[in-house]
Number of protein chains: 2
Amino acid sequence: MSSDQTSQTKPYHHGDLRRTLIETALATLREQQGWQFTLREIARRAQVSHSAPYRHFPDKAALLYELALLGFERLGEAMRASLRPAMSAPERLQAMAYAYLAFGEENPDLYRLMFSTQAGDPAQIHVDPRAQAPFYQVIEVLERGQAEGTIRARSALGQATASWAHLHGLTMLSIDSRLVPAKVGDHAIEDALTTLLDGLVRDPVARSPGA
Amino acid sequence: MSSDQTSQTKPYHHGDLRRTLIETALATLREQQGWQFTLREIARRAQVSHSAPYRHFPDKAALLYELALLGFERLGEAMRASLRPAMSAPERLQAMAYAYLAFGEENPDLYRLMFSTQAGDPAQIHVDPRAQAPFYQVIEVLERGQAEGTIRARSALGQATASWAHLHGLTMLSIDSRLVPAKVGDHAIEDALTTLLDGLVRDPVARSPGA
DNA sequence: ACCTGAACACCGTTCAAGT
DNA sequence: ACCTGAACACCGTTCAAGT
């Protein structure tokens with residue numbers, strides 16, 4: 001499981017602790033329930049004293065900030081990876097939407113952390129280009145779609161904001177199990193995405209008439 | 001400021017502590033920055049020992065749960081109060097959307113608390129009718145609109161889910177100042193709501209052509 | 001330069017007492 | 001029946017020492 005660079009037997013006195021802490025935190029996020037892990041716990045799992053992390057991060061929020069940034073990077077990658085060259089703008093939007101949702105459902109605690117106010121100033125993190133990438137990918141697709149005539153002629157910034165808000169809300173409500181009765185077999189999420197596309201696409205076709 | 005029922009001079013040994021704690025917490029939520037107040041702080045402000053609250057709530061989460069429920073009730077009231085009898089379904093949806101957003105912006109910390117996983121099991125709170133009201137109000141309007149022909153014929157549950165996700169995302173991103181550059185004079189929020197209505201309304205008119 | 005261990009000022013929660 | 005105060009097992013953070 002843990003085969004680091006030059007670890008010979010077991011104890012090491014100084015290695016690449018900063019990276020180790022981040023990876024330990026990500027692993028904790030992946031396994032555990034809730035993103036509210038304790039800094040001391042991360043230090044414990046990384047086999048260092050509870051004060052060692054302070055040599056690499058000014059405080060706990062700084063570590064969370066780093067994790068959040070990493071999350072946004074990965075989200076952007078997942079969205080990019082969902083695209084195929086032949087796709088039309090609406091198809092691209094749908095693919096990115098599903099990729100976004102899937103990312104949240106596969107990494108619920110990391111996703112919550114990304115949008116937690118504990119991870120530093122929220123207004124600041126979105127100034128970092130690493131966190132902005134997903135948003136600008138959407139704008140780009142929308143603008144191309146408007147040029148092609150497949151996307152409704154509206155403010156692309158507004159449409160991108162709408163898309164992001166919609167996806168963020170849907171993802172958050174979904175991973176928190178807040179979406180109504182959640183009856184087996186109901187398609188609330190798919191239907192919600194249909195309504196999002198209805199708002200973006202020009203002359204939407206009747207896809208799923210619904211109840 | 002604090003004129004309770006039968007408080008004569010200052011010290012009281014046992015009154016309606018449960019209600020006092022809730023009101024103190026709400027006041028703290030209103031003033032302070034962040035909803036992560038401490039149970040001990042609430043007790044301090046309520047002039048009781050730090051263990052007194054445990055006579056009225058099994059733990060801190062139970063108090064947060066109560067506050068969250070109260071928040072959903074107020075949100076529902078605000079949405080209901082925004083309606084006028086003469087409104088069409090699309091007008092109702094728009095009015096409720098603005099009421100929702102306004103509620104979040106006026107009570108940012110309460111709103112965050114309502115959607116925090118710390119306030120008990122999220123899946124459980126939405127079983128309470130008090131928390132469901134806002135959602136069903138939207139469904140009702142959507143169904144009436146579909147009958148009138150002003151709302152697109154799609155699954156009303158899906159449309160309601162889409163509306164809620166959209167509004168929740170927009171509200172959260174807005175109060176956390178996560179909405180892009182946020183240049184003065186840009187209308188990202190209004191434009192985002194336009195896109196939401198584009199998805200719900202049948203044959204949407206060109207309202208704000210945008211950039 | 002990096003890490004440890006004791007220490008400080010807090011928490012949430014429990015429980016034997018008090019009134 | 002309700003409230004207090006000491007106590008427990010934790011935190012995040014700091015800092016004088018160690019290597």
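Any read-out appearing in this document is the output of simple, stated calculations on the displayed coordinates, not a laboratory observation. All figures in this text were calculated on a predicted structure; none of them were measured in a lab. FYI the Cβ positions are ideal-geometry reconstructions off the backbone, even for glycines, and counts take in every protein chain you see.
Worth pointing out:
- Other residues within the sphere of radius under 15 Å centred on the Cβ of A:Ile151, judged by their own Cβ, net out at -3 (K and R +1, D and E -1).
- Part-to-part distance (alpha-carbon centres) for the stretch A:129-192 and the stretch A:55-87, which is given in Å: 18 Å
- Per-residue [θ]222 nm for chain A (sum of -39500 (n - 2.57) over DSSP H runs n ≥ 4, rounded to 500): -19500 deg cm²/dmol
- Here the residues A:Arg84, A:Arg40, ranked from fewest to most Cβ neighbours within 10 Å of their Cβ, fall in the order A:Arg84, A:Arg40.
- Going from the fewest other Cβ atoms within 10 Å to the most, the residues B:Val138, B:Val48 appear in the order B:Val48, B:Val138.
- A cut-off under 10 angstrom between Cβ atoms defines the neighbours of A:Pro122, and their net charge, with Lys, Arg +1 and Asp, Glu -1, is -1.
- Directionally averaged shadow of the stretch A:50-124, computed from the convex hull of its alpha-carbon atoms, nm²: 6.3 nm²
- Percent of Cα pairs in the protein assembly as shown per distance bin of 10 Å, from zero to the largest separation: 4, 20, 28, 24, 15, 7, 2, 0.
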